[in-house]
Each structure stands twice: as C-alpha cells, then as structure tokens.
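J.: A single structure is presented below for examination.
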Amino acid sequence: MSASLLRKGLELLDASAASASRPKGTATATRPKKQLLMRKKKKIVSSRKRDKATVKGKVTKSVLEEYQKHQAVDHFHENLQYMLSNPFVTDSAITQKVLAQNRGRKARDHPEEEAKKKPEGTVFTEEDFQKFEKEYFAGAVSPN
C-alpha cells in the first residue's frame, strides 16, 4: 500500500473512534455555527494539501550541471592514446578504400586529381593540310 492510502485509512479510523467515544448531539449543539464552519473549512484545506503530490524523494538538479552534461566532450587524447597503443596497422590499400568510401559528394571533399594531359599536337601532318587545301579551294586561291 502506498503511504498516502495508509495515512487516509488511519485518519478514518481515528475519526470513527473519536466520534464513537463522545456523546452525539450534545457537543455539536452547544458550539457556535461559526466555529463549526471554520473547522470544516480547515479539514477541507488540509485534505487538499495531503492529496497533492509531494517531492519528498526528488533531488534538485543544478542547471549548470545539466548544461555541462549535455555539452560535447572532447575524446581526442583518449582516442589518440588508443590508436597509438594498438599494434595492429591496416594495409594502405584498405585505408584508401575506406577514405574513398567516406568522402562526400561536394567538390571541396574531392581531392584534386592530377590531370594527365598529352602534349598538344595534331593527328594531321603538314602534307595533309596542303592536300586538303588543294581539294577544298580547288585552286581558287593560290599561295604563290
């Protein structure tokens, strides 16, 4: 049973025991109405106070502690010690695969690729150009 139910039960027992021990009618008839009204009002107010939830077991928390608890914690040094103490070293090919997989799609995330450019040149020779010139212009303009 909860403490509040037990308390209410004991109060009911006390009230019934007190009412049984005193004679009925004589005590209530002699008291003024104002006094009776005040007692009833007092009982109602006290019962309302008892019915409210209590904060008996609740621990107050500091706002500063709550704020610090939700802040990001820097684990850099702990992680660095773990990585340095670990004897296992991954293969560089695997490392490159993981890095390539985790790279983003944005242009800033892509490494600059080395452009392998061929030296600029043409497939055609000078003789091909002269032959084309003769066929295209058909002697309309002569170079001499």
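J.: Apply 1/(1 + (r/R0)^6) to the Cβ-Cβ distance of residue 64 and residue 3, taking R0 = 41 Å, and write down the FRET efficiency to the nearest 0.05.
T.: Values: r = 33 Å, r/R0 = 0.81.
Calculated transfer efficiency: 0.75.
J.: With θ set to phi - 60° and the Karplus curve 6.51 cos²θ - 1.76 cosθ + 1.60, what are the ³J(HN,Hα) couplings of region 84-94 in order, to the nearest whole Hz, using x for Gly and Pro?
T.: Using θ = phi - 60°, the values come out as 6, 7, 6, x, 6, 10, 7, 5, 5, 5, 5 Hz.
Taken together, the values in this text are just the output of simple stated rules run on the coordinates, not laboratory data. For clarity, every value in this text was computed on a predicted model and none was experimentally measured. Every residue, glycine as well, gets a Cβ built from its backbone with ideal geometry; the counts of neighbours run over all protein chains shown.
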